[in-house]
Amino acid sequence: MENSKADLITAYIGLGSNLANPAEQIKSARIAITQIAGVQELAFSSLYHSSPMGPQDQPDYVNAVMCIATDLPPIDLMRCLQRIENGHGRVRKTERWGARTLDLDVLIYGDQLIEQPDLIVPHPGLAERAFVLYPLFEIAPQLVVPGKGNIVDLLTQCPMNELKRLD
Ligand code: ROI
């Protein structure tokens with residue numbers, strides 16, 4: 001369904017990096033996202049330091065979550081985020097879950113459940129990922145994640161592991 005002009009959707013974006021000065025990658029991605037036409041920043045979490053999920057022979061990550069208001073349809077938003085990833089030197093390798101200069105995921109898009117071949121929202125790994133849930137809770141403590149439930153309930157089932165808040 002097309003969003004009409006007046007319709008602003010609240011969406012959440014997950015940011016992650018573990019190469020080439022991760023904290024700077026996240027900060028410059030934040031600026032690039034605010035420069036997308038049709039996107040306004042509503043909130044940005046602290047930066048978090050996290051140990052890698054997946055293969056352990058890669059550097060630790062810096063993660064954050066951003067809340068935006070947007071009139072872009074979800075696929076257009078995802079394509080804009082992919083362009084920013086590419087502009088930050090993201091090289092897509094065949095190895096699953098390898099190191100990356102910048103990863104930008106549409107975590108949540110309004111109350112929508114989206115299952116398209118190239119976009120699943122809410123992000124399927126959201127409930128198991130401390131590096132997503134804790135920054136999300138910081139900026140949206142009352143959030144109900146569509147199809148998954150209250151952020152507080154999700155948090156209580158997700159150990160913090162090695163996650164550390166940086167600022
Ligand atoms: N692990 C952490 N800690 N943070 C991430 O952003 C992240 N992103 C990924 C995989 C490789 C699954 N692991 C991660 O895509």
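The values are calculated or read from the model by the stated rules, or taken from the named source; none is laboratory data. Computed from a prediction, not measured in an experiment: that's the story for all the values here. Neighbour counts are summed over all protein chains in view; Cβ atoms, including those assigned to glycine, are modelled from backbone coordinates with ideal geometry. Protein only, heavy atoms only, side chains kept; ligands, DNA and RNA dropped before computing areas. Shrake-Rupley method; radii C 1.70, N 1.55, O 1.52, S 1.80 Å.
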From (1) in a strand (DSSP E or B); (2) farther than 22 Å from Gln35 by Cβ, pick out the condition that doesn't hold for Ile108. (2)
Filter the range 32-44 for residues that are surrounded by 15 or more Cβ atoms within 10 Å (Cβ to Cβ) and assigned to a loop (DSSP other than H, G, I, E, B); the one that is farthest from the ligand (Cβ to nearest atom) is Gly38
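Just one of Ile108, Ile75, Ile120, Ile151 is over 27 Å from Asn21 (Cα atoms), at pLDDT 95 or above and touching a Phe, Trp or Tyr at 6+ places or on another chain (Cβ under 7 Å); which is it?
Result of the check over Ile108, Ile75, Ile120, Ile151: Ile151.
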Tally the residues that are free of Cβ contacts under 8 Å to residues at least 60 places away in the same chain and under 16 Å from Ile13 (Cβ atoms), restricting the search to the range 127-142. 2
Within the range 45-82, count every residue that is under 25 Å from Glu115 (Cβ atoms) and either of a type in the set (A, V, I, L, M, F, W, C) or more than 11 Å from the ligand (Cβ to nearest atom) (or both). 19
Here is a check on your reading of the model: is Leu72 surrounded by 19 or more Cβ atoms within 10 Å (Cβ to Cβ) and within 13 Å of the chain's Cα centre (by Cα)? no
Considering every residue within the range 131-138, establish whether at least one is under 25 Å from Asp76 (Cβ atoms), open to solvent by less than 70 Å² (accessible area, probe 1.4 Å), more than 11 Å from the ligand (Cβ to nearest atom) and within 16 Å of the chain's Cα centre (by Cα). yes
Per-region count, the range 83-98, residues assigned to a helix (DSSP H, G or I) and either surrounded by 18 or more Cβ atoms within 10 Å (Cβ to Cβ) or within 14 Å of the ligand (Cβ to nearest atom) (or both): 2
Might you let me know whether the range 117-125 holds any residue that is crowded, with 20+ Cβ neighbours inside 10 Å, within 16 Å of the chain's Cα centre (by Cα) and among the charged types (D, E, K, R)? no
Would you be able to say whether some residue in the range 11-31 is exposed (fewer than 15 other Cβ atoms within 10 Å of the Cβ) and closer than 27 Å to Leu113 by Cα? no
Output for the range 144-153, where each listed residue is surrounded by fewer than 21 Cβ atoms within 10 Å (Cβ to Cβ) and in contact (Cβ under 8 Å) with a residue 24 or more places away in the chain: Pro146, Gly147, Lys148
